[in-house]
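Below is one structure, written out as structure tokens; the observations come after it.
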Amino acid sequence: MTELGPVAWPPAPIRTERLVLREPEARDRAAFIELLASPEVHTYLGGPRARDELERAMPGVPERWPGSFVVDLDGSMIGQILLRRAPEHHRPAAVGKVDLGYLFLPRAWGFGYAAEACAAALDWFDGAFPGEPVVLATQTANTGSMRLAAKLGFTEVERFHAWGAEQWLGMRPPVTASD
């Protein structure tokens, strides 16, 4: 995965009804470690990373690169939205396209925060990169992620087997100025 492309970064914080999408800050380090070490979060992502390894390796300001948004609820990080270009991908249909990823702390599950935050990030993306499609890959067993993909307008491109499980690749068609 590489950077998005020519875009001013970071954008101004993106505000939704309940959330703020913003650039990562030093105060988010502990939440990033919790997110990456969580067995629940990584059930469909190959498993969690070791907390002690994360404590040693995590920079003071984690995940600070174009396309990485912290999802903030009432001043605290509850998740992360990732928009990354995939110059090389396991699936030919996704090569060169921007891939949407998201991780949320388990305590934030079930409240619609992922849908709200992803929709806001996609709206920002549509303004910054009009006419570009977005792809999303998830395990078919991850029913929550499958529901979210459908809610966000992703439609199935293909299913494939990788990392020991059936995977789903969806695409959200490009949004143009006339849409």
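The values are calculated or read from the model by the stated rules, or taken from the named source; none is laboratory data. Because the structure is a prediction, the values reported are computed rather than measured. In this analysis, Cβ positions are derived from the backbone assuming ideal geometry, glycine residues included, and neighbour counts consider all displayed protein chains. Side chains included, ligands, DNA and RNA excluded: accessible areas come from the protein's heavy atoms. Shrake-Rupley method; radii C 1.70, N 1.55, O 1.52, S 1.80 Å.
Of all residues in segment 154-179, how many are under 15 Å from the mean Cα position of the chain (by Cα) and of a type outside the set (D, E, K, R)?
Here the count works out to 4.
Among the numbered criteria (1) touching a helix residue (DSSP H, G or I) at 6+ places or on another chain (Cβ under 8 Å); (2) open to solvent by 40 Å² or more (accessible area, probe 1.4 Å), which one does A150 miss?
It is condition (1) that A150 fails.
Out of segment 59-76, which residues are more than 20 Å from A108 (Cβ to Cβ) and either assigned to a strand (DSSP E or B) or free of Cβ contacts under 8 Å to residues at least 40 places away in the same chain (or both)? Reasoning before the result, please.
First pass over segment 59-76, keeping only residues more than 20 Å from A108 (Cβ to Cβ): 59-61, 64-67.
Those that are more than 20 Å from A108 (Cβ to Cβ) and either assigned to a strand (DSSP E or B) or free of Cβ contacts under 8 Å to residues at least 40 places away in the same chain (or both): P59, G60, V61.
Taking segment 98-154 on its own, how many of its residues are touching a residue at least 24 places away in the same chain (Cβ under 8 Å), over 23 Å from P87 (Cβ atoms) and of a type in the set (S, T, Y)?
Residues flagged as touching a residue at least 24 places away in the same chain (Cβ under 8 Å), over 23 Å from P87 (Cβ atoms) and of a type in the set (S, T, Y) within segment 98-154 amount to 3.
Criterion first (modelled with pLDDT under 95 and open to solvent by less than 40 Å² (accessible area, probe 1.4 Å)) does A128 satisfy it?
Judged against the criteria, A128 is a match.
Go through the residues of segment 14-21 one by one and say whether even a single one is of a type in the set (K, R), open to solvent by less than 70 Å² (accessible area, probe 1.4 Å) and over 23 Å from L169 (Cα atoms).
No.
What strands (runs of 3 or more DSSP E) completely inside segment 77-179 contain at least 2 residues that are farther than 19 Å from R64 by Cα?
134-139, 155-162, 165-172
Is one or more of the residues making up segment 67-84 within 10 Å of E23 (Cα to Cα), open to solvent by less than 60 Å² (accessible area, probe 1.4 Å), among the aliphatic types (A, V, I, L, M) and more than 9 Å from the chain's Cα centre (by Cα)?
Among the residues of segment 67-84, at least one is within 10 Å of E23 (Cα to Cα), open to solvent by less than 60 Å² (accessible area, probe 1.4 Å), among the aliphatic types (A, V, I, L, M) and more than 9 Å from the chain's Cα centre (by Cα), which makes the answer yes.
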